[in-house]
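Q: One structure is given below, represented as structure tokens, and several questions about it will come after.
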Amino acid sequence: IQMLKYFTQDDQIRFAEISGDWNPIHVNPIASRRTPYGQIVHGIHILAWALDLLIAKNEIKPTRIKVAFLRPVNLYDELSTKEQMEGEELVVFVENNSRTIVSIRLEVGILKLKDKCTMPTKNSSRAPLEKTFDELMGEQGVIEVWGKEKQLRKYFPNLVECIGSGRTSELLCLSRIV
């Protein structure tokens, strides 16, 4: 498939609202310009967009996803997708100016949901935690899942239809640890 897409500041804010990822490198144009790459698009947002597109075009059911984020994407960078089969896997390349920026490998088949996911009832703080590597050593815990079903269905309708709103919300919340 060939699909062109670019992400805007409004897209960034909407994604932050449903994923909980308010990292300034994604949502704050002033703070992010002090970084080597400037303001960059959430990688998981790119993944969710590509999956939503693939499910719509190919009527696939991804059962396993392996993704590699190879390069940062800035706002208004024009993205396109290419796909090819490699054995039993569907491989999708998200490109900018003919350079692969995200590689997605999908096993496709019958989706088996082992348990029902529930949607969250509240959102946490917008402020990301700032911890040193020493403070993170040995840390473990639970990531609160965000996202309201109406928003998820509006922005990723095919993904929600395929894997459900709970699992879509779980996928998007991974943005906070990537």
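The values are calculated or read from the model by the stated rules, or taken from the named source; none is laboratory data. Here the structure is a predicted model, which means the values were calculated and not measured. When we count neighbours, we look across all protein chains shown, and the Cβ atoms used for this are built from the backbone with ideal geometry, even at glycine. Surface areas here come from the heavy atoms of the whole protein model, side chains and all, with no ligands, DNA or RNA. Shrake-Rupley method; radii C 1.70, N 1.55, O 1.52, S 1.80 Å.
Q: Please determine whether any residue of segment 32-45 is over 17 Å from the mean Cα position of the chain (by Cα), over 22 Å from residue 155 (Cα atoms) and of a type in the set (D, E, K, R).
A: Scanning segment 32-45, I find at least one residue that is over 17 Å from the mean Cα position of the chain (by Cα), over 22 Å from residue 155 (Cα atoms) and of a type in the set (D, E, K, R), so the answer is yes.
Q: Residue under question is residue 49, and the condition is that it be closer than 19 Å to residue 157 by Cα and among the aromatic types (Phe, Trp, Tyr); does it hold?
A: So residue 49 fits the description; yes.
Q: Scan segment 5-52 for residues that are acidic (Asp, Glu), buried (at least 17 other Cβ atoms within 10 Å of the Cβ) and in a helix (DSSP H, G or I) and jot them down.
A: Residues satisfying the conditions are 11, 17, 52.
Q: Then there's this: With the checklist (1) open to solvent by 30 Å² or more (accessible area, probe 1.4 Å); (2) outside any strand (DSSP E or B) in hand, flag the one item residue 64 doesn't pass.
A: Among (1) open to solvent by 30 Å² or more (accessible area, probe 1.4 Å); (2) outside any strand (DSSP E or B), residue 64 violates only (2).
Q: Right, here's the next one. Kindly indicate which of 83, 78, 89 is farther than 18 Å from residue 25 by Cβ, touching a Phe, Trp or Tyr at 6+ places or on another chain (Cβ under 7 Å) and not hydroxyl-bearing (Ser, Thr, Tyr).
A: Unique residue meeting the criteria: 78.
Q: Also, quick follow-up: Are any residues in segment 8-27 in contact with a helix residue (DSSP H, G or I) (Cβ under 6 Å, 6 or more places away or on another chain) and in contact (Cβ under 8 Å) with a residue 60 or more places away in the chain, and if so, which ones?
A: 12, 15, 16, 18, 19, 20, 21, 22, 24
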